[in-house]
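Peer 1: The structure under discussion is supplied below as structure tokens; questions concerning it will follow.
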Number of protein chains: 2
Amino acid sequence: MTKIKLTIEYVGTNFCGWQSQPSRNSVQDAVEQALGKYFDCEFVRVYAAGRTDVGVHAKGQVAHFVTDKDVNCYKLCLGVNLALPDSVAVTHAEKVPDQFDARFSAISKTYCYRVYISSTRRPLLDTDHVQLYRPLDVDAMRKASELLVGTHDFCAFQKTGSNLKGTVRTVNSFDICQTDDVIVFTVNGNAFLYNQVRIMCGLLVEVGKGKYSLQDVQTMLNGTKLKFRTLPAKGLTLEKVYY
Amino acid sequence: MTKIKLTIEYVGTNFCGWQSQPSRNSVQDAVEQALGKYFDCEFVRVYAAGRTDVGVHAKGQVAHFVTDKDVNCYKLCLGVNLALPDSVAVTHAEKVPDQFDARFSAISKTYCYRVYISSTRRPLLDTDHVQLYRPLDVDAMRKASELLVGTHDFCAFQKTGSNLKGTVRTVNSFDICQTDDVIVFTVNGNAFLYNQVRIMCGLLVEVGKGKYSLQDVQTMLNGTKLKFRTLPAKGLTLEKVYY
């Protein structure tokens with residue numbers, strides 16, 4: 001048996017997320033169907049580094065699968081991509097040792113959240129950026145993001161209704177970069193709670209608006225949830241998984 | 001009568017170009033229909049800085065129109081955008097003096113041509129970038145682009161079959177910027193021949209591949225057309241019109 005690691009890029013707009021669903025409209029379904037077609041067999045199960053939500057994009061999702069077929073990784077990429085819809089592509093394939101696991105071998109993940117500041121829609125940015133209407137104080141957001149870096153109990157940074165017990169996570173880095181009217185939040189962490197990245201970026205946006213202070217960020221880190229909107233999925237991209 | 005200058009952003013993918021067509025599937029048609037709806041009148045004619053071809057995008061197309069209605073430019077933007085499809089938006093509107101003309105008052109235009117280097121498709125870049133398969137020699141392309149800057153007879157840089165008499169144009173600047181696997185060509189000029197930007201960038205790509213030399217660029221500037229493919233429309237974006 002051969003184990004293959006795939007790096008996968010996708011525009012999440014028209015998918016119900018990574019994970020396979022009865023509707024079959026997930027990225028996982030698309031990849032499994034394309035592999036099945038390529039290998040001319042009934043079913044290939046792929047295992048990803050992590051699920052991405054409905055509407056979330058990926059530049060570097062990673063998944064593995066095993067096969068008893070002889071695999072040429074270069075040909076595999078080209079062949080599978082022919083069978084995939086335009087919004088998904090395998091950008092890299094390589095043979096990996098048996099003990100590699102896309103999910104459990106992952107050391108950390110980097111996500112980007114992208115916004116643009118404009119009173120009007122921006123069609124060229126619309127696929128993977130979220131529109132915000134007023135300028136943000138980027139310096140204040142940077143100071144607040146520094147508080148999020150480190151190992152904390154992020155229990156107040158998960159989707160309402162989540163009842164996960166272990167909510168301690170480590171954020172390794174948090175960068176905020178502004179170019180003209182586009183602001184990109186780049187966060188790397190060992191693992192994230194459900195909606196954690198979107199909630200962290202949403203809190204920073206409130207800080208950038210002047211609605212919340214550094215003290216309020218600390219309050220959230222102490223476990224008290226503050227009220228603000230979770231940012232939409234379409235601004236979020238899984239950029240890279242580190243092994 | 002009031003004259004209004006509009007700045008318009010669009011994803012050209014699903015349009016037959018800027019200019020109105022019997023099919024009504026042009027950006028101009030979309031803008032005119034939206035203005036008609038906003039002003040609740042039968043027809044508003046808009047005049048653009050220049051046509052863009054089928055599939056070409058714009059971040060900063062400019063157009064003007066006249067109206068006898070009272071105009072609040074901020075409300076106009078919001079209202080017209082509600083009537084436009086998602087792929088088009090008016091990003092700015094302002095009152096301009098009567099003598100302003102979107103086409104004839106323009107001093108220069110900046111276009112970007114975007115490519116990415118990858119052996120596989122890249123769905124997140126696909127809308128406004130063109131895939132190239134092998135690395136390019138960016139230094140060689142930069143040297144070649146310097147030859148194109150200035151006032152030249154660009155007769156060999158227009159679409160085959162064009163029979164324009166005056167083919168002297170001025171390229172004010174030509175920048176090539178590489179970030180990871182993305183290369184952006186940015187060119188500013190007073191005016192361009194039909195397909196000139198795509199042909200110039202196509203020639204530079206051939207130089208980057210090592211197929212053509214600086215001497216070959218000079219040969220083209222001397223009026224002899226060399227053989228290479230005109231790059232696809234979807235990599236081209238009209239970035240800005242200067243007045």
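Since every read-out is calculated from the coordinates, none of them should be taken as a lab result. Predicted model, so just to flag it, every value in this text is computed and none were measured. Quick reminder, even Gly has a Cβ in these numbers, built from the backbone with ideal geometry, and neighbours come from all protein chains shown.
Peer 1: Give me the compactness ratio for segment B:2-96, meaning the Cα radius of gyration over 2.2 N^0.38 Å.
Peer 2: Working: Rg = 12.0 Å, N = 95, 2.2 N^0.38 = 12.4 Å.
Ratio of Cα Rg to 2.2 N^0.38 Å: 0.97.
Peer 1: Still on this structure, please answer the following. Based on the alpha-carbon gyration tensor of chain A and its eigenvalue square roots a ≥ b ≥ c, which shape applies: rounded if a/c is under 1.5, prolate if not and a/b is larger than b/c, or oblate?
Peer 2: prolate
Peer 1: Over all Cα pairs of the protein assembly as shown, how is the pair count split among 20 Å bins, expressed in % and running from 0 up to the last occupied bin?
Peer 2: P(r) for the protein assembly as shown, in whole percents per bin: 21, 47, 30, 2.
Peer 1: Let me ask another. Summing Lys, Arg as +1 and Asp, Glu as -1, what charge do residues with Cβ under 11 Å from the Cβ of A:Asp101 carry, A:Asp101 excluded?
Peer 2: Surrounding charge for A:Asp101 is +2.
Peer 1: Let me ask another. List the trypsin sites (Lys or Arg not before Pro) within segment B:135-164 that fall in a DSSP loop (any state other than H, G, I, E or B) and whose Cβ has at most 14 other Cβ atoms within 10 Å.
Peer 2: Sites meeting the loop and neighbour criteria: B:Lys159.
Peer 1: Now for a different question. If you put a point 7 Å past Cα along the Cβ direction, how far is that point for B:Met1 from the same point in each other copy, in nm, smallest first?
Peer 2: Sorted ascending, the copy-to-copy spacings read 7.7 nm.
Peer 1: Roughly how many debye, to the nearest 20, is the charge dipole of segment A:108-242 about its Cα centre, given +1 on each Lys and Arg Cβ, -1 on each Asp and Glu Cβ, and no other charges? If you can, show how the numbers build up before the last one.
Peer 2: On the way: 18 positive and 12 negative charges, 97 e Å.
Dipole magnitude for segment A:108-242 comes out near 460 debye.
Peer 1: Relative contact order of segment B:107-243: what whole-number percent is it, with Cα pairs under 8 angstrom and at least 6 residues apart?
Peer 2: 38 percent
Peer 1: Please report which chain B residue places its beta carbon nearest the axis carrying chain B onto chain A, with the distance rounded to a whole angstrom.
Peer 2: B:Thr127, 3
Peer 1: Relative contact order for segment B:104-179: what is it in percent, counting Cα pairs under 8 Å that are at least 6 residues apart?
Peer 2: Once divided by the residue count of segment B:104-179, the mean separation gives 24 percent.
Peer 1: Nearest 10 degrees is fine. How inclined is helix B:27-39 to the longest principal axis of chain B, computing both from alpha carbons?
Peer 2: 20 degrees
Peer 1: Moving to a separate point now. Just counting partner chain Cβ atoms within 10 Å, what average do the residues of peptide A:118-131 show around their Cβ? Each step should come with its number before you reach the end.
Peer 2: On the way: counts 4, 6, 12, 12, 4, 17, 12, 3, 6, 5, 1, 0, 0, 0.
Counting other chains' Cβ atoms within 10 Å and averaging over A:118-131 gives 6.
Peer 1: Okay, moving on. Could you work out the local net charge near A:Ala144, counting Lys and Arg as +1, Asp and Glu as -1, over the other residues with Cβ closer than 15 Å to its Cβ?
Peer 2: That works out to -2.
Peer 1: So, one more: So what is the 222 nm mean residue ellipticity for the protein assembly as shown from helices alone, if each DSSP H run of at least 4 adds -39500 (n - 2.57) and you divide by all residues, rounding to the nearest 500 deg cm²/dmol?
Peer 2: It comes out at -7000 deg cm²/dmol, rounded to the nearest 500.
Peer 1: For segment B:75-182, what is the Kirkwood estimate of the hydrodynamic radius, computed as the reciprocal of the mean inverse distance between distinct Cα atoms, to one decimal in Å?
Peer 2: By the Kirkwood definition, the hydrodynamic radius is 18.3 Å.
Peer 1: For chain B, what is the percent of antiparallel DSSP beta bridges, rounded to the nearest 5?
Peer 2: Of those bridges, close to 90 percent are antiparallel.
Peer 1: Could I ask something else about it? To one decimal in nm, how far is B:Leu164 from the same spot in the other copies, if labels go 7 Å from Cα toward Cβ? Please give the shortest first.
Peer 2: 5.8
Peer 1: Oh, and also: Report, for segment B:108-242, the % of DSSP beta bridges that are antiparallel, rounded to 5.
Peer 2: In segment B:108-242, approximately 90 percent of DSSP beta bridges are antiparallel ones.
Peer 1: Separate question: Which residue, chosen from B:Gly79, A:Gly150, A:Gln178, occupies the Cα position most advanced towards the positive end of the dipole of the protein assembly as shown, where the dipole is computed from +1 (Lys, Arg) and -1 (Asp, Glu) charges on Cβ about the Cα centre?
Peer 2: B:Gly79
Peer 1: Rounded, prolate or oblate: which one fits segment A:171-239, using the alpha carbon gyration tensor with axes a ≥ b ≥ c (rounded when a/c is under 1.5, else prolate when a/b beats b/c, else oblate)?
Peer 2: Oblate, since a/c reaches 1.5 and b/c is not below a/b.
Peer 1: Let me ask something else about it. Would you be so kind as to identify which of A:His57, A:Leu6, A:Cys16 lies farthest towards the positive end of the dipole of segment A:2-96, taking Lys and Arg as +1 and Asp and Glu as -1 on Cβ and the Cα centre as origin?
Peer 2: Of A:His57, A:Leu6, A:Cys16, it is A:Leu6.
Peer 1: Also, quick follow-up: What chymotrypsin sites (Phe, Trp or Tyr not before Pro) in segment B:117-172 are in a loop by DSSP, with at most 10 other Cβ atoms within 10 Å of the Cβ?
Peer 2: The qualifying sites are B:Tyr133.
Peer 1: Calculate the dipole size of chain B relative to its Cα centre from +1 charges on Lys and Arg beta carbons and -1 charges on Asp and Glu beta carbons; express the result in debye to the nearest 20.
Peer 2: It comes to approximately 560 debye.
Peer 1: Then there's this: If the elastic network links every pair of Cα atoms under 10 Å, which of B:Val88, B:Val56, B:Val44 fluctuates the most in the Gaussian network model of chain B?
Peer 2: It is B:Val44.
Peer 1: Another one. Calculate how many DSSP beta bridges within segment A:1-85 are antiparallel, expressed in % of all such bridges and rounded to the nearest 5.
Peer 2: 100 percent
Peer 1: Could you check which residue among B:Lys95, B:Lys227, B:Lys37 shows the biggest mean-square fluctuation in a GNM of chain B with a 10 Å Cα cutoff?
Peer 2: Evaluated over chain B, the most mobile residue of the options is B:Lys227.
Peer 1: Once the label point is set 7 Å along the Cα-to-beta-carbon vector, what list of distances in nm do you get between B:Pro232 and its counterparts in the other copies?
Peer 2: 2.7
Peer 1: For a 19 Å ceiling on Cα separation, which of these pairs sit above it: A:Lys95/B:Lys209; A:Lys3/A:Lys69; A:Lys75/B:Lys227; B:Lys59/B:Lys234; B:Lys5/B:Lys69; A:Lys165/A:Lys240?
Peer 2: A:Lys95/B:Lys209; A:Lys75/B:Lys227; A:Lys165/A:Lys240, as the Cα separations exceed 19 Å there.
Peer 1: Right, another one. Cα centroids of segment B:1-61 and segment A:107-128: how far apart, whole angstrom?
Peer 2: 26 Å
Peer 1: Got a sec? Which residues in segment A:120-158 would a label at B:Tyr74 touch, if it sits 7 Å along Cα→Cβ and we count backbone N under 19 Å?
Peer 2: Backbone N within reach: A:120-122, A:132-136.
Peer 1: About its Cα centre, what dipole magnitude does segment B:2-96 give when the only charges are +1 on Lys and Arg Cβ and -1 on Asp and Glu Cβ, stated in debye to the nearest 20?
Peer 2: Numbers: 10 positive and 10 negative charges, 39 e Å.
Here segment B:2-96 has a charge dipole of around 180 debye.
Peer 1: Rounded to two decimals, what is the ratio between the C-alpha radius of gyration of segment B:108-242 and 2.2 N^0.38 Å?
Peer 2: 0.99
Peer 1: Ok, one more. Just grab the label-to-label distance for A:Arg103 and B:Ser108, each label 7 Å out from Cα along the Cβ direction, in nm (one decimal).
Peer 2: Once both label points are built, they end up 5.6 nm from each other.
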